[in-house]
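A.B. asks: Below you'll find the structure I mean.
The values are calculated or read from the model by the stated rules, or taken from the named source; none is laboratory data. The shown structure was predicted, so the numbers you read here are calculated from the model rather than taken from an experiment. Don't worry about glycine lacking a Cβ; one is built from the backbone with ideal geometry, like all the others, and counts go over all protein chains shown.
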């Protein structure tokens, strides 16, 4: 079938209940992301470009390719990319960064920390870890003998590619204070261009890697003093949330800080954490 015929057929094609159930189960088992029937239309819309990319004429053909002909081996990364949600902003939930700067970092240094290891565990397109790096850079600049690192991970290869480049629409960096923009954000030299790029000095402090929070262990090396896991737990059911948070706690140093999203909660979970501020917790 020609690509023109495929394009013409796709808009009216629908995912059958049987195939939707298969897709939903696979997506949940692999990523922890819930895919209720209310997301059928969303899933159809996002998967149409994968049908075109893989030259399949219908959702039935695509699902047969995935589940009956070994297609998942090559297609899983792309399938997961299209179902993940990647909203992000610089200095999103700004009170977290204020607490990090004024309370968490001074407390860690007072406790003897000399290298501050931090982790953005659902980094999306990079605004969160670059914001963390700005705060950390300002903090260590004023204190001799301190250093820091930022690990930034995500399940989606698409967003990691954007994050590594560090190029964003100019409007996205508007929440960054002007003094920090001058130091860490470069504007385009070409007239009329409306994008900006994070300065190399800051990009070099952030290491990006693909990681699935559904994995049994998180290979992050030495314990982290600060972990951000914000606005991703809401996509998981309670047992999955418990598992993810428990594994994150295993990676958190004693006395270290965990930040979660303002719409999220750890109430009812058995975790070695005490609340120290709104959606900020310290490992006990």
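A.B. asks: If residue 262 meets every condition in (1) within 21 Å of residue 117 (Cβ to Cβ); (2) part of a loop (DSSP other than H, G, I, E, B); (3) in contact with a helix residue (DSSP H, G or I) (Cβ under 9 Å, 6 or more places away or on another chain) apart from one, which number is that one?
C.D. replies: The failed condition is (1).
A.B. asks: Is it the case, given these coordinates, that residue 59 is farther than 26 Å from residue 161 by Cα, surrounded by 17 or more Cβ atoms within 10 Å (Cβ to Cβ) and modelled with pLDDT under 95?
C.D. replies: Numbers: farther than 26 Å from residue 161 by Cα: yes; surrounded by 17 or more Cβ atoms within 10 Å (Cβ to Cβ): yes; modelled with pLDDT under 95: yes.
Taking the combined requirement at face value, the residue satisfies it.
A.B. asks: While we're looking at this one, here's another question. Return the only residue of 161, 170 being over 23 Å from residue 248 (Cβ atoms) and without any contact (Cβ under 8 Å) to a residue 12 or more places away in the chain. Even if it seems obvious, please write down each step before you answer.
C.D. replies: On the way: 170 fails: without any contact (Cβ under 8 Å) to a residue 12 or more places away in the chain.
Step by step, each of 161, 170 is checked, and only 161 is over 23 Å from residue 248 (Cβ atoms) and without any contact (Cβ under 8 Å) to a residue 12 or more places away in the chain.
A.B. asks: Please state which one of 79, 47, 43, 51 is assigned to a helix (DSSP H, G or I), over 23 Å from the mean Cα position of the chain (by Cα) and in contact (Cβ under 8 Å) with a residue 24 or more places away in the chain.
C.D. replies: 51
A.B. asks: So which residues in segment 229-259 are closer than 24 Å to residue 24 by Cβ, under 17 Å from the mean Cα position of the chain (by Cα) and not in a helix (DSSP H, G or I)?
C.D. replies: 229, 231, 232, 236, listed by residue number.
A.B. asks: Against the conditions (1) surrounded by fewer than 19 Cβ atoms within 10 Å (Cβ to Cβ); (2) within 17 Å of the chain's Cα centre (by Cα); (3) at pLDDT 95 or above; (4) assigned to a loop (DSSP other than H, G, I, E, B), where does residue 214 fall short? Just the number, please.
C.D. replies: (3)
A.B. asks: Give the residue that is surrounded by the most Cβ atoms within 10 Å (Cβ to Cβ), with candidates limited to residues of segment 272-284 that are under 22 Å from the mean Cα position of the chain (by Cα) and not in a strand (DSSP E or B).
C.D. replies: Only one residue tops the list, namely 279.
A.B. asks: If you don't mind, another one. Here are the criteria: (1) without any contact (Cβ under 8 Å) to a residue 60 or more places away in the chain; (2) closer than 22 Å to residue 253 by Cα; (3) in a helix (DSSP H, G or I). Tell me which single one residue 150 does not satisfy.
C.D. replies: So the condition that residue 150 fails would be (3).
A.B. asks: Also, I was wondering about something else. Please tell me if residue 152 is assigned by TED's automatic domain parsing to the domain that holds residue 263, under 21 Å from residue 233 (Cα atoms), modelled with pLDDT of 95 or more and touching a strand residue (DSSP E or B) at 6+ places or on another chain (Cβ under 7 Å). Working first, answer last.
C.D. replies: Working: assigned by TED's automatic domain parsing to the domain that holds residue 263: yes; under 21 Å from residue 233 (Cα atoms): yes; modelled with pLDDT of 95 or more: yes; touching a strand residue (DSSP E or B) at 6+ places or on another chain (Cβ under 7 Å): yes.
Answer is yes for this residue.
A.B. asks: Mind checking which residues of segment 12-40 are over 21 Å from residue 213 (Cβ atoms) and not in a loop (DSSP other than H, G, I, E, B)?
C.D. replies: Quick first cut of segment 12-40, residues over 21 Å from residue 213 (Cβ atoms) only: 12-22, 37-38, 40.
12, 17, 18, 19, 20, 21, 22, 37, 38, 40, listed by residue number.
A.B. asks: Within segment 162-176, how many residues are part of a loop (DSSP other than H, G, I, E, B) and farther than 13 Å from residue 130 by Cα? Steps first, please.
C.D. replies: Here is the first cut: in segment 162-176, the residues part of a loop (DSSP other than H, G, I, E, B) are 166, 174-176.
So of that shortlist, the ones also farther than 13 Å from residue 130 by Cα come out as 174.
Number of matching residues: 1.
A.B. asks: Given the conditions (1) surrounded by 13 or more Cβ atoms within 10 Å (Cβ to Cβ); (2) in a loop (DSSP other than H, G, I, E, B), report the number of the one that residue 191 does not fulfil.
C.D. replies: (1)
A.B. asks: Mind checking whether some residue in segment 92-100 is closer than 21 Å to residue 232 by Cα, assigned to a loop (DSSP other than H, G, I, E, B), at pLDDT below 95 and touching a helix residue (DSSP H, G or I) at 6+ places or on another chain (Cβ under 8 Å)?
C.D. replies: yes
A.B. asks: Has segment 254-263 got at least one residue that is surrounded by fewer than 18 Cβ atoms within 10 Å (Cβ to Cβ), assigned by TED's automatic domain parsing to the domain that holds residue 136 and modelled with pLDDT of 95 or more? Break it down stepwise before answering.
C.D. replies: From segment 254-263, those surrounded by fewer than 18 Cβ atoms within 10 Å (Cβ to Cβ) are 254-255, 262-263; that's our starting set.
Keeping just the survivors that are assigned by TED's automatic domain parsing to the domain that holds residue 136 gives 254-255, 262-263.
Restricting the remaining residues to those that are modelled with pLDDT of 95 or more gives 254-255.
For segment 254-263, residues surrounded by fewer than 18 Cβ atoms within 10 Å (Cβ to Cβ), assigned by TED's automatic domain parsing to the domain that holds residue 136 and modelled with pLDDT of 95 or more: present.
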